[in-house]
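The values are calculated or read from the model by the stated rules, or taken from the named source; none is laboratory data. Fair warning: this is a prediction, and the values are worked out from it, not measured in the lab. Note that we place each Cβ from the backbone using ideal geometry, even for glycine, and neighbour counts take in every protein chain shown.
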Amino acid sequence: MNAPQESSSPPTSYSLVLPPGWRQIPLRNGTERAVKRVLDHAFENLPRDEVFTYRRDLEASLWQRIRDAQEADGLDLYLPVELMHGISVPASIVVSPSARPSSRISSERGDL
């Protein structure tokens, strides 16, 4: 079996297969638009005047998660926005760039 070839340049894209009910929030461009879509979806069938406080609280919580992910140099944040089997899933995925160690450092440490 051949070892994977090392590339000197970092990856320029990624793909992620998400389960149903998850949404992407880009952290560099288009964040506000994505947050609005998530909130609109979450409250689309509910009376606006009755859910205002809940929407405001959810938006504040969402922006805090976004700031945390941005401080961690995140590119994208993925969150479940729908219930799974009637239960809210407490999870998130943050995609961030990663610097690969140079082959010299890896070989010195004995990494393969």
Selection from region 73-82 of residues out of contact with any strand residue (DSSP E or B) (no Cβ under 6 Å at 6 or more places or on another chain) and farther than 17 Å from Ser61 by Cβ yields Asp73
Of the residues Glu50, Glu59, which is over 21 Å from Ser96 (Cβ atoms), among the acidic types (Asp, Glu), at pLDDT 95 or above and assigned to a helix (DSSP H, G or I)?
Glu59
Condition met for Val17 (in a loop (DSSP other than H, G, I, E, B), more than 18 Å from Pro97 (Cβ to Cβ) and modelled with pLDDT of 90 or more)
yes
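Each row is one residue, and each column tells you yes or no for (1) surrounded by 10 or more Cβ atoms within 10 Å (Cβ to Cβ); (2) under 16 Å from the mean Cα position of the chain (by Cα).
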{"residue": "Leu27", "(1), (2)": "yes, yes"}
{"residue": "Asp40", "(1), (2)": "yes, no"}
{"residue": "Trp63", "(1), (2)": "yes, yes"}
{"residue": "His85", "(1), (2)": "no, no"}
{"residue": "Ala91", "(1), (2)": "yes, yes"}
Kindly indicate whether Glu6 is surrounded by 11 or more Cβ atoms within 10 Å (Cβ to Cβ) and at pLDDT below 90.
no
Within region 66-111, take every residue that is of a type in the set (A, V, I, L, M) and part of a helix (DSSP H, G or I) and give me the one that is modelled with the lowest pLDDT.
Ile105
